[in-house]
Structure formats: structure tokens, C-alpha cells
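J.: I have a structure I would like to understand better, so I am pasting it below and will then ask my questions one at a time.
The values are calculated or read from the model by the stated rules, or taken from the named source; none is laboratory data. Keep in mind that what you see is a predicted model, and the values were worked out from it rather than measured. Because the Cβ atoms are built from the backbone with ideal geometry, glycine has one as well, and the counts that use them run over all protein chains shown.
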Amino acid sequence: MINIREELEGHIRKLVRPLRDEDELKEILKVKLTKKEYKLLLKSATNEDLNMDLERFEKAKAKLTKKLNQEKLKQKLMV
């Protein structure tokens, strides 16, 4: 079972309101993230193997975290 809400809470530094429900989060993220970023988020939520070396994974994860912490995107993700 994929729990995007928990994964997002781990990436987002400061949440002022609760996150939306899972289905709404998935729809917003599909639009706002690239396919690669979305896939990385889903696979890290399920602890699935990503088939990439550690350095590339760390760079991609840092980029994803930075994007998720942009105020405009955080506002869309919260209720």
C-alpha cells in the first residue's frame, strides 16, 4: 500500500495545515511533478528498488524535496 501522505510529510519541512486526501494528492502531484520525480516519490514511499546509483538518487531526492517545499505547491497540497 502506497502512503503518499506520510512520504510527503517526510519531505515537507513546515506544514501549517493538514494535507489533502490521497487521491487529491496523487492528482496534484501528477500535474506538478515530472514523471521521474513522481516515480521517485512513489517508489520511495513503497521502499521499492529504484535501479539508480546512490549519487543520482541523492541528487534526485534533493531536487524533489526542494520542489515540494515551494510555497505555491505546498498550498495546493494542503487543505
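J.: Is it true that L15 is part of a loop (DSSP other than H, G, I, E, B) and in contact with a strand residue (DSSP E or B) (Cβ under 8 Å, 6 or more places away or on another chain)?
T.: Criteria met by L15.
J.: Being loosely packed, with under 10 Cβ neighbours inside 10 Å, of a type in the set (D, E) and free of Cβ contacts under 8 Å to residues at least 40 places away in the same chain, is that true of even one residue in region 55-66?
T.: For region 55-66, residues loosely packed, with under 10 Cβ neighbours inside 10 Å, of a type in the set (D, E) and free of Cβ contacts under 8 Å to residues at least 40 places away in the same chain: present.
J.: Turning to a different aspect of this structure: Which condition number does A60 fail, the rest of (1) at pLDDT 90 or above; (2) under 20 Å from M78 (Cα atoms) being met?
T.: Checking A60 against (1) at pLDDT 90 or above; (2) under 20 Å from M78 (Cα atoms), the one that fails is (2).
J.: Only one of (1) within 9 Å of the chain's Cα centre (by Cα); (2) farther than 16 Å from M78 by Cα fails for E9. Which number is that?
T.: (2)
J.: How many residues are surrounded by 13 or more Cβ atoms within 10 Å (Cβ to Cβ), without any contact (Cβ under 8 Å) to a residue 40 or more places away in the chain and closer than 14 Å to L68 by Cβ when one looks only at region 1-25?
T.: Total meeting the criteria: 2.
J.: Can you tell which of M78, M52 is surrounded by 11 or more Cβ atoms within 10 Å (Cβ to Cβ), without any contact (Cβ under 8 Å) to a residue 24 or more places away in the chain and of a type in the set (A, V, I, L, M)?
T.: It is M52.
J.: Can you pull out every residue in region 29-49 that is in a helix (DSSP H, G or I) and surrounded by 14 or more Cβ atoms within 10 Å (Cβ to Cβ)?
T.: Scanning region 29-49 gives L29, K32, E37, Y38, K39, L40, L41, L42, K43, S44, A45.
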